[in-house]
Amino acid sequence: MGDVNRENQGRTSMSTPLVDELTVSEAAGDDVKKTSRDQREALPGEPICVVCGRYGEYICDQTDSDICSLECKQTLLGRAADTHLPVGHPLPKRLAATDECFYVRDSESLPLTSDQTELLRRKLEIHVKGDSVPDPILSFSSCDLPEKLQHNMQTLGYDMPTPIQMQGIAAALTGKSLLASADTGSGKTASFLVPVVSRCATFRHGNLSKSKKPLAMVLTPTRELCIQVEEQAKLLGKGLPFKTALVIGGDAMPRQLYRIQQGVELIVGTPGRLIDLLAKHDIELDDIMILVLDEVDCMLQKGFRDQVMQIFRALSQPQVMMYSATMSQEVEKMASSMAKDLIFVSIGQPNRPSKAVKQLAIWVESKQKKQKLFDILMSKQHFLPPSIVYVGSRIGADLLSNAITVTTGMKALSIHGEKSMKERREIMKSFLVGEVPLVVATGVLGRGVDLLGVRQVIVFDMPNSIKEYVHQIGRASRMGEDGTSIVFVNEENRNLFPDLVEVLKSSGAVIPRELVNSRYVKRSFPMGKGQRKRKHGS
Ligand SMILES: Nc1ncnc2c1ncn2[C@@H]1O[C@H](COP(=O)(O)OP(=O)(O)OP(=O)(O)O)[C@@H](O)[C@H]1O
């Protein structure tokens, strides 16, 4: 959490006026380089060509990617035609349909009676609150989405909606504001992006005015999450009148501004950089009809709350869509004050970890944590790469990743808010394409990011709240696929003992004996079989 909050602190120092002027004139100029060799090297923090790594122009074209020259554009278009995906983006994996999906498939074409709707909601644990909540959709084809959007969803492997998409998309398409919670990895991103793309593209189609002012805005707490959300939005909006702008710290601001001025439908950004941009430049926000707060409980917490509210007040009563895997009453209260006639949607029990993640809590004294980690990483049975290790500080991430490489010989990289965006992008890319088996991360990768392929998370330093723990271990599973998590606990985490015990208990995980016997935990739960056995044996 600390890292997430610190994300914005250095934002004003990211671009000097000199660099800003230079990049604006280049972005606006006609001087498109013919070959990669004609282009200059990128300065630290500047966008890089996704093909050759030189200075990349962030301009609106068919690819929507940073490219340096016509030569690389040609290469990129060739690759995109092969995969339908941006270069560097992992290929979509067709995820297994759940039982619930088969249930829906059977009744796809039938309109539901109110009894059936209730039965469906009960079966899928869809809870709703609010006035005139629409029925869940049973298929993506049943809710009048633009044809190209449906085609793009099929390309991504989205055959059937997940429960949060069934109810969330239906509610969002009515234009009402909503507050929604569902497990990590359950498809919340598409749940808000599909209505965003649909409503924006439909609006542009039906509107003859030449104005290209932004229509929607997605705010998230970290740059990595913004990058992923924007990428996903581009894939969903391909071929539609739907352009996006990414507004995050660490990337040159003039380029972001230029792109918005060229005309975009969606802005995806972190609050800090967005406020910076809005304060320095005249950007018209009066057409914004949708505001999405992803990871809403984090966005409405101290640290982000004031910035988010500042942006919200600059808009004219947009539809607000708020999503997270974790909620609190305080968030519900704040959300209600931001939007009238709010619809509440929750799938399953909020604040619980994904059932697909098998949790293992190990009692380890702080001094022994490193050795314990090395033992795990050197065990073929216990280490299941690609893995992610969460630590509490930036320096801790650097030191631990070095120590892992030295001790185990394995390539491990660290990622945190102090690294440049160039480095962060490269690390993410090499991790996602499988070049690096292990990443040691702070909170910058704790929430929201979709680390396809990762099935193991090791929580080396317990985060400050149980909610962040739920998000962190959630990286080990997407769409209900099995994953495992290991967390190191000791007396230093005593503040979280009651919550941790609750979470472990609700997931059927074994609770370490030291935790069971701790005076910081009320002993009101029965011990599992394994624990009783160990007690007798000791
Ligand atoms: N209907 C669908 N069918 C198949 N795959 C899907 C569907 N919807 C989403 N996905 C895929 O499932 C994965 C998880 O989705 P997503 O990242 O949106 O989860 P999330 O609920 O936002 O998780 P988190 O809380 O961790 O951010 C992604 O790889 C996404 O592309």
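The values are calculated or read from the model by the stated rules, or taken from the named source; none is laboratory data. The structure displayed is predicted, hence computed values, not measured ones. Here the Cβ is made from the backbone with ideal geometry for all residues, glycine too, and neighbour counts use every protein chain on show. When the accessible area is computed, the model is the full protein with side chains, heavy atoms only, and any ligands, DNA or RNA have been set aside. Shrake-Rupley method; radii C 1.70, N 1.55, O 1.52, S 1.80 Å.
The solvent-accessible area of Phe344, taken with every protein chain present and a 1.4 Å probe, is close to 40 Å².
Backbone amide hydrogens, once placed in the peptide plane, bring Gln359 within less than 5 Å of Ser485, excluding anything fewer than 5 places away on its chain. Counting every C-alpha pair in the stretch 125-212, the share spaced more than 15 angstrom apart comes to 59%. Taken over the C-alpha atoms, the stretch 172-232 has Rg and Dmax values of 13.4, 41 angstrom. Take every Cα pair under 8 Å whose residues are at least 6 apart in sequence, average their separation, divide by the length of the stretch 162-276, and the relative contact order is 27 percent. Taking every Cα-Cα distance in the stretch 194-297 and sorting them into 10 Å bins starting at zero, the pair-distance distribution P(r) comes out as 15, 53, 29, 3 percent. Under the rule a/c < 1.5 gives rounded, and otherwise a/b versus b/c splits prolate from oblate, where does the stretch 389-480 land using the Cα gyration tensor? It comes out rounded by the Cα gyration axes.
Positive end of the dipole of the stretch 358-508 (Cβ unit charges, origin at the Cα centre): among Ala412, Ser485, Ile473, the Cα lying farthest that way belongs to Ala412.
Taking the centroid of alpha carbons for each part, the stretch 316-341 and the stretch 156-220 are 16 Å apart.
Sort the stretch 355-406 into rounded, prolate or oblate with this rule: let a ≥ b ≥ c be the square roots of the eigenvalues of the Cα gyration tensor; rounded if a/c is under 1.5, and if a/c is not under 1.5, prolate when a/b is larger than b/c, oblate otherwise. Verdict is rounded for the stretch 355-406. Pairs of Cα atoms nearer than 8 Å and 6+ residues apart set the relative contact order; for the stretch 134-219 it is 31 percent. Equivalent ellipsoid of the stretch 322-479: semi-axes from √(5λ) of the C-alpha gyration tensor, largest first, are 31, 17, 15 Å. One way to sum up the overall shape of the stretch 249-317 is the equivalent ellipsoid from its Cα gyration tensor, whose semi-axes run 20, 15, 11 Å, largest first. Modelled label positions at His127 and Leu315, each set 7 Å beyond Cα in the direction of Cβ, lie 2.6 nm from each other.
Working note: Karplus 6.51/-1.76/1.60 with θ = phi - 60° gives the stretch 153-159 the couplings 5, 5, 4, 7, x, 8, 7 Hz, where Gly and Pro are set to x.
From the cross-link list Lys176/Lys355; Lys340/Lys467; Lys213/Lys234, which pairs have alpha carbons spaced over 19 Å apart? Too far apart for the 19 Å limit: Lys176/Lys355; Lys340/Lys467. By the equivalent-ellipsoid construction on the alpha carbon gyration tensor, the stretch 255-401 comes out with semi-axes of 39, 22, 14 Å, ordered largest to smallest.
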